[in-house]
Amino acid sequence: MEAPLKFINNLILEYSMQVTYNPRDNEGQIVYNLFLIPEVEREYTIKTLKRVMAAGITVSDMVRFIEPGESLDDFTVSEGMLGICTVCSITLDGILLRRGIPTRQIGGGVIEVESNQPRRFTHIILYEATTFDPLQLMASQDLTSVNRVIMDGNGYILGNIRECHMEAESLLHEVLDDCASKHFSGILEVGMPNAPLLGVPVSPQYLGVVALGGTNPFAAMKEEGHPVITQAFKGLMDSRLMNPISYY
């Protein structure tokens with residue numbers, strides 16, 4: 001019997017329930033993305049990661065390099081290639097769930113930035129309507145201008161939005177403060193109850209939370225003509241296996 005289609009919102013829920021990361025201790029399981037680049041691009045990639053992370057256009061400064069021939073879970077990095085693991089923003093949903101704040105993931109897409117301020121989603125794909133990661137898809141369609149945002153504060157970046165009940169608002173801000181004080185700083189915007197956020201409507205008695213996409217550094221590389229293979233939501237990883245990009 002063939003396996004049924006699994007929409008992204010269901011996959012996010014499955015991963016969220018397995019996240020054990022505690023931002024206060026910087027320990028526990030996180031969801032990671034895997035990116036593959038030619039090994040010769042190592043130094044360029046490290047410089048790009050540092051540049052994008054310094055600009056605050058990514059989820060976390062934590063990364064892990066998987067060397068050619070090394071295996072990660074059921075995947076082996078080919079010779080001549082280098083694997084790079086970054087923290088996936090879906091980790092946020094797991095962090096919130098563990099603190100008693102269930103979320104409903106709405107979708108992911110492209111966010112317009114003007115004078116360093118997020119203005120609106122210009123494109124969005126609902127998680128309940130796709131079996132493919134929206135940010136991976138949109139990065140492949142040349143819809144971003146991450147490098148321009150870094151240079152002059154105007155352009156297009158990747159992000160996603162979820163909603164949580166308005167009764168959790170005070171606890172939500174407490175958790176987000178914990179995240180921002182450590183290595184998880186990718187929260188872009190928190191909305192008001194019963195109000196759209198960056199042009200995306202939320203349910204009655206709910207508020208929206210927008211997070212940056214972990215794909216942004218690699219969208220910046222692609223914009224500059226460098227090849228990148230993306231595998232979003234690749235799996236779960238112990239955060240202690242990762243290091244701040246400043247380590248490299």
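The values are calculated or read from the model by the stated rules, or taken from the named source; none is laboratory data. Computed from a predicted structure; not experimentally measured. Don't worry about glycine lacking a Cβ; one is built from the backbone with ideal geometry, like all the others, and counts go over all protein chains shown. Protein only, heavy atoms only, side chains kept; ligands, DNA and RNA dropped before computing areas. Shrake-Rupley method; radii C 1.70, N 1.55, O 1.52, S 1.80 Å.
Hey, any idea what % of the chain's accessible area is carbon plus sulfur with a 1.4 Å probe?
Percent of accessible area from carbon and sulfur atoms in the chain: 50.
Could you pull out every residue, at least 5 positions away or on a different chain, whose amide H is within less than 5 Å of the one on Ile66? Hs are placed 1.01 Å off N in the peptide plane, and Pro or chain starts have none.
Hits under the 5 Å cutoff: Gly83, Ile84, Cys85.
Tell me, what ³J(HN,Hα) does each residue in region 108-118 have, in order and in whole Hz, if you take phi through Karplus 6.51 cos²θ - 1.76 cosθ + 1.60 with θ = phi - 60° and put x for Gly and Pro?
Each residue's phi maps through the Karplus curve to give x, x, 9, 10, 7, 10, 9, 6, 6, 10, x Hz.
Can you compute the FRET efficiency between Ala54 and Glu189 using 1/(1 + (r/R0)^6), with r the Cβ-Cβ distance and R0 = 25 Å? Round to the nearest 0.05.
The formula returns an efficiency of 0.80 here.
How much area per residue is accessible in region 1-153 when the probe is 1.4 Å and only protein heavy atoms are counted (Å²)?
Ligands and nucleic acids excluded, the result is 47 Å² per residue.
Relative contact order for region 72-228: what is it in percent, counting Cα pairs under 8 Å that are at least 6 residues apart?
So the answer I get is 24 percent.
Calculate the translational D of region 119-182 in whole µm² s⁻¹ from Stokes-Einstein, where the hydrodynamic radius comes from the Kirkwood formula applied to all Cα pairs, the temperature is 4 °C and the viscosity 1.567 mPa s.
For the chosen part, D equals 90 µm²/s.
How large is the Kirkwood hydrodynamic radius of region 62-136, counting all unique pairs of alpha carbons, in Å?
About 15.5 Å for region 62-136.
For the chain, take the convex hull of the Cα atoms, compute a quarter of its surface area, and give me that in nm², please.
Dividing the Cα hull surface by four gives the mean projection, 13.3 nm².
Please give the residues of region 110-134, grouped as numeric ranges, whose backbone N is less than 16 Å from a label point set 7 Å along the Cα-to-Cβ vector of Leu5.
125-134
Just to compare against my own numbers: the Cα pair-distance distribution for region 1-48, 5 Å bins, whole % per bin, please.
That works out to 5, 13, 15, 13, 13, 16, 16, 6, 2, 0, in percent per bin.
Tabulate in residue order the Karplus-calculated ³J(HN,Hα) for region 197-203, using 6.51 cos²θ - 1.76 cosθ + 1.60 with θ = phi - 60°, rounded to whole Hz; enter x for Gly and Pro.
Whole-Hz 3J(HN,Hα) from phi for region 197-203: 10, 6, x, 9, x, 10, 5.
Which of Ala3, Ile57, Pro23 sits closest to the plus end of the dipole of region 1-64, meaning its Cα is farthest towards the positive end, when Lys and Arg get +1 and Asp and Glu get -1 on the C-beta?
Ile57
For Lys182, give me every one of the lysines with a C-alpha distance below 18 angstrom, ignoring sequence neighbours fewer than eight places off in its own chain.
Lys50
Taking the solvent-accessible surface of protein heavy atoms with a 1.4 Å probe, what is the per residue accessible area of region 172-248 in Å²?
Here the residues of region 172-248 average 44 Å² of exposed surface.
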